[in-house]
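*Asks:* Quick one: structure below, then a few questions.
The values are calculated or read from the model by the stated rules, or taken from the named source; none is laboratory data. Being a predicted model, the structure only gives us computed values, none of them experimental. Counting neighbours? That spans all protein chains shown, and the Cβs are built from the backbone with ideal geometry, glycine included. Please note that ligands, DNA and RNA were not included when accessible areas were found on the heavy atoms of the full protein model with its side chains. Shrake-Rupley method; radii C 1.70, N 1.55, O 1.52, S 1.80 Å.
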Amino acid sequence: MAQIELTGIERVFTLGDSEVHALHELSVSIDSGEYVAVMGPSGSGKSTLLNLLGLLDRPNAGTYRLEGRDVTTLSPDEQAEVRRTRIGFVFQSFHLVPRLTAAENVALPLMLAGIPPAERHARVAQALKDFGLETRAHHRPDELSGGQRQRVAIARATIMRPAVILADEPTGNLDRSTGQDVTHLLEDLNAAGVTLIVVTHDPVMGGRARRRLMMEDGRLLHDVREPAPVP
Amino acid sequence: MTPADTLRFATRAASGYPLRTALMVLAMSIGVAAVVVLTALGDGARRYVVNEFSALGSNLVIVLPGRTATGGFGLGNLVTSTPRDLTVRDAQALLRAPLVTRMAPLSVGNSEIAWGGRLREAMVVGTSGDYVDIRAFRMAEGNFLPREDLGRATAVAVLGTKIRDEIFGSEPAIGRIVRVGDRRLRVIGVLGKTGQGLGMNTDELVFVPVATAQAMFNTNNLFRIIVEARSRDAIAPAKQQLEDIMRLRRDGELDVTLITQDAVLGTFDRILGALTLAVAGIAAISLAVAGILVMNVMLVAVTQRTAEIGLLKALGATGRNIRLAFLTEAALLSLAGAITGFALGHLGAWGLRLAFPVLPAWPPDWAVFAGIGTALTTGILFGVMPARRAARLDPVQALSRR
Ligand SMILES: Nc1ncnc2c1ncn2[C@@H]1O[C@H](COP(=O)(O)OP(=O)(O)OP(=O)(O)O)[C@@H](O)[C@H]1O
Ligand SMILES: [Mg+2]
């Protein structure tokens, strides 16, 4: 059984009298531990797809089964719980809370999950160490470089040990070499078994994925699988 | 999310925007401070009046010359024009009323008192021997004025403690001959310390027999007559009897005013009741204004932090988590405002007491609780709307805001 199963997904936005089909007749299934790049021109529906997968948005039609469960019919609180425990988000613009330190930003999902402070501190300290941020723990985002910010964001996305990581152009705001570092970090997580779904415009990054979903006008144009690149 | 975490998160959010927080705390604190200061003023005035009049003694009816048009008691009525004088004969006639136990006429004037080269100005009160009992004064030394015929101008004087101290210092006063105005009087007693009463400080008065005072000031009329009724219940019928006697003596026309303590206190009750209402009104307005400010500031906060709210939702925050976080923040700001306002209000009340030492301007407990309670309630009530708006934000759109 596939971890993610989308069938006949429609997502329509109404702008005045005109309707935009951001996603149209989209069906795709993704297995646990896959490394998927979502690619396509601007406005083709990549972010919309990712938001749907992350339960931040609901489809107008179609079903979405996550780990065998139909999640489109869940209540908002149940969806929040799924987001909290099964999904990690990484954004192009990092989305760190400016007044909180790196450690506090990483601790946010643990705090929302109601995990006691002692355990929280231990897990945050470990995560910061894993991502090479231990010396930056008490710095606020504006005191960090872009690469460091994205590493904090990735540490935050993985702190709850999610099953799926959704990254929307995670290297879009980073220079080339920092971007590569971030890509490697995400790939290491995937190697450890986490499903990784990355939206990217970068053909090099896309080429590294073992599976590419090519989108256009809200449809899935190509679903390309390649054998894993030889290391 | 545990309550402790919600509180910590809200505290960090409030302290993360110091200017906004300071502004809101200020607005809220002004409201609460206004309540504290104004009620301190109102209650101080009430206590002042009650103290003044209870210092008078109980069961009293005060007779003053002149008829007031409304029959009510106002500050202006105390200095009415005098159509016909009030005399010692009138005073004596009042004792015929069956429900009256004691009576003291008052004749008042400014003069000076001198002894052994020391001289000071003093207010001289001419009265009778019963005055000390009616007012329930205590003697420090010697006796009060003798109980004798009101027409006798005996050359004796009783001093207030302050006068005695200033004129005689550590030397004995009883038996000494002092000069008061153009008369030489023998000191027969010194009053115990009494403090304020009806706007005159009794400690700074010189008491002499009423006839002595009238001769000194070359007059026949009295300033007041103080009459004591048999009991509290007898005050109203006694007043009626006194009015009948006066009307008889004035050929059917009542040209004096009779004031009872109840009427005086009742009038002040009404005045102070209105004052309290006004205070409540001002407080309500200022707190409502503060509440609206809380709402706007929180709405701005929600707009400012839209991306953050979207992020929290993406990280798995429920609507309830977000609602509580923003509501807690509003409550915290109101609480800080209430506490600051409480401190500011007490500072203001202290200033009032400094400026008007006679006024016991302490805010009553109920007002303090009501002020702080209302501040918290308004803060939370007006915080609900922004908090709900935050919780309802669409996460996708919230996240795309930058
Ligand atoms: N909230 C919205 N209201 C109306 N239209 C929307 C909304 N969100 C997305 N769209 C439309 O849906 C389509 C897909 O948008 P989406 O953001 O998924 O594109 P994308 O592939 O992520 O583009 P990009 O590469 O520029 O990020 C676009 O035509 C966009 O205008
Ligand atoms: Mg996009």
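*Asks:* Can you run phi through the Karplus equation (6.51, -1.76, 1.60; θ = phi - 60°) for the range A:60-68 and list ³J(HN,Hα) in whole Hz, with x for Gly and Pro?
*Replies:* Rounded to whole hertz, the list is 6, 8, x, 10, 10, 10, 10, 6, x.
*Asks:* Now a separate question. Could you check the spin-label model distance between A:LYS129 and B:GLU171? Points 7 Å from the Cα along Cα→Cβ, value in nm.
*Replies:* 9.4
*Asks:* Probe of 1.4 angstrom, ligands and nucleic acids ignored: what's the accessible area per residue over the range B:106-221, in square angstrom? Each step should come with its number before you reach the end.
*Replies:* Numbers: 5120 Å² over 116 residues.
Ligands and nucleic acids excluded, the result is 44 Å² per residue.
*Asks:* Also: For chain B, what is the mean residue ellipticity at 222 nm derived from helices alone (per DSSP H run of n ≥ 4: -39500 (n - 2.57); sum divided by total residues; nearest 500 deg cm²/dmol)? Before the final figure, lay out the partial values.
*Replies:* Details: 12 runs with 216 residues, N = 402.
-18000 deg cm²/dmol, from helical runs alone.
*Asks:* For the range A:43-59, which residues drop by 40 square angstrom or more in accessible area between the chain on its own and all protein chains together (1.4 Å probe)?
*Replies:* Correct list: A:LEU56.
*Asks:* Hey, another quick one. At R0 = 25 Å, how high is the FRET efficiency between B:LEU299 and B:ARG12 if r is their beta carbon distance? Nearest 0.05 is fine.
*Replies:* Values: r = 20 Å, r/R0 = 0.79.
Efficiency, from the Cβ-Cβ distance: 0.80.
*Asks:* Give me the one-decimal Kirkwood hydrodynamic radius in Å for the range B:218-268, with the sum taken over alpha-carbon pairs.
*Replies:* 12.4
*Asks:* Rounded to the nearest Å, what's the spacing between the alpha carbon centres of the range A:171-231 and the range B:306-324? Just the number, please.
*Replies:* 28
*Asks:* If I require 27 Å or longer along the helix axis, counting alpha carbons, and a Kyte-Doolittle average no lower than 0.0, what helices from chain B are left? Use full DSSP H segments. It would help to have the intermediate numbers written out before the result.
*Replies:* Values: long enough: B:18-54 (51 Å, 1.06); B:261-304 (62 Å, 1.60); B:319-355 (53 Å, 0.92); B:365-392 (40 Å, 0.72).
For chain B, where a helix must reach 27 Å along its axis and average at least 0.0, the hits are B:18-54, B:261-304, B:319-355, B:365-392.
*Asks:* Would you tally the net charge around A:ILE30, using a Cβ to Cβ cut-off of less than 9 Å, leaving A:ILE30 out, and scoring K and R as +1, D and E as -1?
*Replies:* Summing Lys and Arg as +1 and Asp and Glu as -1 gives -2.
*Asks:* So, in Å, what gap is there between the alpha-carbon centers of the range A:124-146 and the range A:1-16?
*Replies:* What the calculation gives is 36 Å, centre to centre.
*Asks:* For the B and A pair, go ahead and give the buried accessible area with a 1.4 Å probe, both sides summed, in Å² to 100.
*Replies:* Working: alone 19580 and 11390 Å², together 28710 Å².
Summing both sides, the interface buries roughly 2300 Å².
*Asks:* At each listed q (0.10, 0.14, 0.15, 0.18 Å⁻¹), what is the log10 of I(q)/I(0) that the Debye formula gives for the range B:106-221 modelled as equal alpha-carbon point scatterers?
*Replies:* Taking Cα atoms of the range B:106-221 as identical point scatterers yields -0.24, -0.48, -0.56, -0.83.
*Asks:* Helix-only mean residue ellipticity at 222 nm, chain A, DSSP H runs n ≥ 4 weighted -39,500 (n - 2.57), per residue, nearest 500. What is it? Intermediate values should be presented prior to the final figure.
*Replies:* Numbers: 7 runs with 79 residues, N = 231.
Roughly -10500 deg cm²/dmol at 222 nm, from the helical runs in chain A.
*Asks:* Rounded to the nearest whole Å³, what is the per residue volume of the convex hull around the Cα atoms of chain B? Walk me through the intermediate numbers first.
*Replies:* On the way: hull volume 75.2 nm³, N = 402.
Once divided by residue count, the hull of chain B is 187 Å³.
*Asks:* For chain A, give the share of DSSP beta bridges that are antiparallel, in percent and rounded to the nearest 5; count only bridges with both residues there. If you can, show how the numbers build up before the last one.
*Replies:* Working: 22 of 39 bridges.
Antiparallel bridges: around 55 percent, rounded to the nearest 5.
*Asks:* Ignoring ligands, DNA and RNA, please state the percent of accessible area on the range B:106-221 from carbon and sulfur, probe 1.4 Å.
*Replies:* On the way: 2270 of 5120 Å².
Using a 1.4 Å probe with all protein chains present, the range B:106-221 comes out at 44 percent carbon and sulfur.
*Asks:* Need one word for the range A:123-203: rounded, prolate or oblate. Basis is the Cα gyration tensor (sqrt eigenvalues a ≥ b ≥ c); a/c below 1.5 gives rounded, then a/b vs b/c decides. Before the final figure, lay out the partial values.
*Replies:* Details: a/c = 2.00, a/b = 1.15, b/c = 1.74.
It comes out oblate by the Cα gyration axes.
*Asks:* Hey, another quick one. Give me the residues in the range B:310-325 whose solvent-accessible area, probe 1.4 Å, is reduced by at least 20 Å² once all protein chains are included instead of the chain isolated.
*Replies:* Listed in order, they are B:LEU311, B:LEU312, B:LYS313, B:ALA314, B:LEU315, B:GLY316, B:ALA317, B:THR318.
*Asks:* Shifting gears a bit: I'd like the antiparallel share, as a percent to the nearest 5, of DSSP beta bridges with both residues in the range B:106-221. Mind showing how you got there, number by number?
*Replies:* Values: 22 of 31 bridges.
Restricted to the range B:106-221, the bridges split so that about 70 percent are antiparallel.
*Asks:* Report the antiparallel proportion of the DSSP beta bridges in the protein assembly as shown as a percent, rounded to a multiple of 5. Intermediate results must be reported in sequence, preceding the final value.
*Replies:* Details: 59 of 85 bridges.
Once the DSSP bridges in the protein assembly as shown are tallied, antiparallel ones form about 70 percent.
*Asks:* Provide the gained length on full extension for the span B:GLN240 to B:ARG186, in nm with one decimal, where the gain is 0.36 nm per separating residue minus the Cα-Cα distance. Spell out each step's value before the answer.
*Replies:* Numbers: separation 54, 0.36 × 54 = 19.44 nm, distance 3.98 nm.
Extra length from B:GLN240 to B:ARG186 when fully extended: 15.5 nm.
*Asks:* Long-range amide H contacts for B:VAL108: which residues qualify at under 5 Å (H placed 1.01 Å from N, peptide plane, sequence gap of 5 or more or a different chain)?
*Replies:* B:GLY126, B:PHE223
*Asks:* Tell me the carbon and sulfur percent of the accessible area for the range A:4-225, rounded to whole percent, probe radius 1.4 Å. Could the numbers behind the result be given before it?
*Replies:* Working: 4550 of 9420 Å².
Summing carbon and sulfur atoms, their accessible area is 48 percent of the total for the range A:4-225.
*Asks:* Only counting protein heavy atoms at a 1.4 Å probe, give the residues of the range A:95-111, ordered by number, whose accessible area falls by 50 Å² or more when the other protein chains are present relative to the chain alone.
*Replies:* Output list: A:HIS95, A:ARG99, A:MET111.
*Asks:* Where the centre of each part is set by its Cα atoms, how far does the range B:342-367 sit from the range B:211-233, in angstrom?
*Replies:* 38
*Asks:* Tell me, what does the Kirkwood hydrodynamic radius of the protein assembly as shown come to in angstroms if you use every pair of distinct C-alpha atoms? Don't skip to the answer; put the middle values down first.
*Replies:* Details: mean 1/r = 0.0313 Å⁻¹.
For the protein assembly as shown, the Kirkwood estimate is 31.9 Å.
*Asks:* Here is a follow-up. Please compute the modelled spin-label separation between B:ASP255 and B:ILE271, points set 7 Å along Cα→Cβ, answer in nm with one decimal.
*Replies:* Once both label points are built, they end up 2.8 nm from each other.
*Asks:* Would you pull out the residues with amide H under 5 Å of A:VAL38's amide H, same chain only if 5 or more places away, H placed 1.01 Å from N?
*Replies:* A:VAL198, A:VAL199, A:THR200, A:LEU213
*Asks:* At A:HIS184 and B:GLU148, where each label point lies 7 Å from the Cα along Cα→Cβ, what is the point-to-point distance in nanometres?
*Replies:* According to this spin-label approximation, the distance is 11.9 nm.
*Asks:* Can you give me the accessible area per residue for the range A:4-225, using a 1.4 Å probe, in Å²? Walk me through the numbers on the way to the answer.
*Replies:* Working: 9420 Å² over 222 residues.
Ligands and nucleic acids excluded, the figure is 42 Å² per residue.
*Asks:* Say a site is exposed when it is one of the GluC sites (Glu not before Pro), sits in a DSSP loop, and has at most 16 other Cβ atoms within 10 Å; what is then the longest site-free stretch of chain B?
*Replies:* Details: sites that count: B:GLU148, B:GLU253.
Result, exposed sites excluded: B:254-402.
*Asks:* Return the inverse of the average 1/r over all pairs of distinct C-alpha atoms in chain A, which is the Kirkwood hydrodynamic radius, in Å to one decimal. Don't skip to the end; give the middle numbers.
*Replies:* Working: mean 1/r = 0.0547 Å⁻¹.
Computed over Cα pairs of chain A, the Kirkwood hydrodynamic radius comes out at 18.3 Å.
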